[in-house]
Each structure stands twice: as C-alpha cells, then as structure tokens.
1. Where a Cα-Cα gap under 23 Å defines reach, which lysines qualify for residue A:58, not counting those fewer than 8 residues away within the same chain?
2. Can you give the extra length, in nm with one decimal, that the chain gains between residue A:42 and residue A:60 once fully stretched, where that is 0.36 nm per residue apart less the Cα-Cα distance?
3. Go ahead and run the numbers for FRET between residue A:12 and residue A:94, Cβ-Cβ distance against an R0 of 30 Å, rounding to 0.05.
4. At what distance in nm do the modelled label points of residue B:19 and residue B:38 sit from each other, each positioned 7 Å from its Cα along Cα→Cβ?
5. Over the alpha-carbon set of chain A, work out the extent along each principal axis and list the three values in angstrom, largest first.
6. Work out the mean other chain Cβ neighbour count within 10 Å for the residues of B:44-51 and drop it here as an integer.
7. Averaged over A:42-50, how many beta carbons belonging to a partner chain fall within 10 Å of each residue's beta carbon?
8. What average count of beta carbons from other chains do you get within 10 Å of the Cβ of residues in A:16-26?
Amino acid sequence: GENVEQHPSTLSVQEGDSAVIKCTYSDSASNYFPWYKQELGKRPQLIIDIRSNVGEKKDQRIAVTLNKTAKHFSLHITETQPEDSAVYFCAASKGNTDKLIFGTGTRLQVFP
Amino acid sequence: NAGVTQTPKFRVLKTGQSMTLLCAQDMNHEYMYWYRQDPGMGLRLIHYSVGEGTTAKGEVPDGYNVSRLKKQNFLLGLESAAPSQTSVYFCASTEAGGSSGQFFGPGTRLTVL
C-alpha cells in the first residue's frame, strides 16, 4: 500500500527565514498531494494542495513543489511568522476524494 | 454552515465499554472519513464512506464499526473499548469530484482506562 515519509520531524527557524518540509510517497498512482496545518488542540486545516499535472503551486507565502519522477513533494514557507508555528502534515492519494495517507508530521517553531 | 461537527468532544471509558462517536456535516458532501491521531504517528484512516449506505475499511479498522444511514451523518462505534484505542478521533468530509480537499471536524478525545 501507499506509504508517505515526512522530514524533518521538528524544524526551528527565526522569524523571517524560510522553512522547507519534504515528503516522499511510494505509490506512483498517487496524484493528489495536500498539506494540512494543525495548531495545538485544533483540527487539521488544508493550506495548499497540488495535483500531479502541475509541478509547482504558490499561494502568497506558501508554495508546494512536486517531482513525480522522484516521488517527492515539498512545502516551502517564506518570510515565516510566529503564527506559522504548528504541526504540518503532508498526504497523498489517488484523487482528492480517495483515502489520504498522511505523513507523520513536522512540528515547526518560528522564533521571534 | 456549521461545517463538520463531532459529538462528544471528550469521553473517558473503561475497558470493555462501548460507545458511538457521531460526525455530522451540513455541506452535502458525499465522502466521509474517520481518522485517529496518535502522537508521532500522524493521522490514520479507520473507515470511510463514499455515499449514503456504503462503508469501507481504511488502514486501521480493527475494533471499530461504522454506519452511514444518512448522507449527513457518519457514526463510529467501539463495541468493546481497549486502552489501545485511546486517541483523538477526527471526522472529515469532502464533495464528490470536487477540488476542495477534506474538511475536518474538531475532534473527539477518547481515553480508555
């Protein structure tokens, strides 16, 4: 079955710096890759997603890149702010309504 | 719209007791999912439903049952709770063929003693 690996498990950055979180997936049939942000005690919230027919997608300070050949996808956050501190999860599926397989999460801390 | 809601928010059970977690969505979504979240393990899919009256197993279905009698509700049952089922349970939903991704409920924190 599908397996998603996520690195690093923790990431600490200074406010204003960039943060990059990387994921790899095992099933070449996967074609939908969302990223969720989860603040402490709250529900996961979708922040950006990408489909396999696109190599990069950007939304203000957040961008996601996808390398289908290497089965890698990454989340890039620029100009980080303290409110970006949270746990970020990547996921993969064979369609946006198909079951998601999640990575184990990255705890991002942004220090002022 | 309330979005996705879950009942109850917290629950403590003794080993062997049973309970039902209720998930409700008012977005007319076809697809609904139950996940559990444990420290260091991310979210794992328990069961899911692609429409009213249908259910399917996810990654970790053992010890759980589900029912989708109405489109807006998805119930998760524990027939005989075990300490290994101590977790935070999240429900999610999404529209058929849509591009909006999965919307999550606020979660239920369950402790089994």
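What follows is calculated from the coordinates using simple rules that are stated; it is not laboratory data. In this text the structure is predicted, and so the values were computed from the model without any measurement. Note: ideal-geometry Cβ built from the backbone for every residue, glycine included; neighbour counts use all protein chains shown.
1. The reachable lysines, counting only those whose Cα sits under 23 Å from residue A:58, are A:22, A:37, A:68, A:71, A:94.
2. Here the segment from residue A:42 to residue A:60 would lengthen by 4.2 nm.
3. Computed FRET efficiency for residue A:12 and residue A:94: 0.30.
4. Spacing of the two 7 Å Cα→Cβ label points: 1.8 nm.
5. 41, 28, 21
6. Average neighbour count from other chains, rounded to a whole number: 2.
7. Counting Cβ atoms of other protein chains within 10 Å of each residue's Cβ and averaging gives 5.
8. The per-residue average across the peptide is 0.
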